[in-house]
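Below is one structure; the comments refer to it alone.
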Amino acid sequence: MSVLVRLTLCAGILAVAWTGLRFADGDGDAAEEPGSFCLAFLSGRLDLADEAAERLEARYRVLRHRIEAKRQLVEDLLRDERTMLETAACFQELDRDDPDYKWEAFRLFYPGASDDERHCREVLASVQAALWSDECVLALVLGRLQQELQHHLARGPIRLPML
């Protein structure tokens, strides 16, 4: 294709684009400002970004609440105010209350024959995270809780208490 034909095509495309922008208000009259269509488009995109930011903020609040609630439950467990099964049942309830909870990821991350057993293992992991800085206490507490879990598993599938 010759240079002259290419230049003519480019000029034509630019003319069509400019005309489209000039008549973008939809009534056939030239828009008051040449970029009004672009501004309206960008304004709509900003509204979508604001909505997405609001959804993310709401999601963050839900996650922050669940994390804090689970942290408190682990503290209760460590003070012997709850059993491991009660703590796991509370973890499960918090997860069920979240409509966006990623059950597939949960099931891949925590091994177990059921979600009840997986929640027990999640409690063990949370205890490990809470006590990571004190290896002696961690070994004692985690050993006791793992033994408790094995005791329950020896009697059959884990069944968490109803809340």
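Every number here is computed from the coordinates shown, using simple stated rules; none is lab data. Quick caveat: nothing in here was measured; it's all calculated off a predicted structure. Every residue, glycine among them, receives a Cβ derived from its backbone with ideal geometry; neighbour counts consider all protein chains shown.
Relative contact order, percent, of region 57-163 when contacts are C-alpha pairs under 8 Å separated by at least 6 residues? Intermediate values should be presented prior to the final figure.
On the way: 78 pairs, mean separation 31.8, N = 107.
Result for region 57-163 is 30 percent.
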Taking Lys and Arg as +1 and Asp and Glu as -1, residues besides A130 with C-beta under 9 Å from its C-beta add up to 0
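With a 10 Å radius around each residue's Cβ, average the other Cβ atoms per peptide and rank 99-107, 115-123, highest first. Spell out each step's value before the answer.
Working: 99-107: 10.4, 115-123: 22.1.
Going from most to least packed, we get 115-123, 99-107.
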Inter-site label distance for E81 and E104 at 7 Å from Cα along Cβ, in nm:
3.8
Coarse-grained scattering of region 57-163 at q = 0.17, 0.19 Å⁻¹, given as base-10 log I(q)/I(0) from a Debye sum over alpha-carbon atoms
-0.81, -1.00
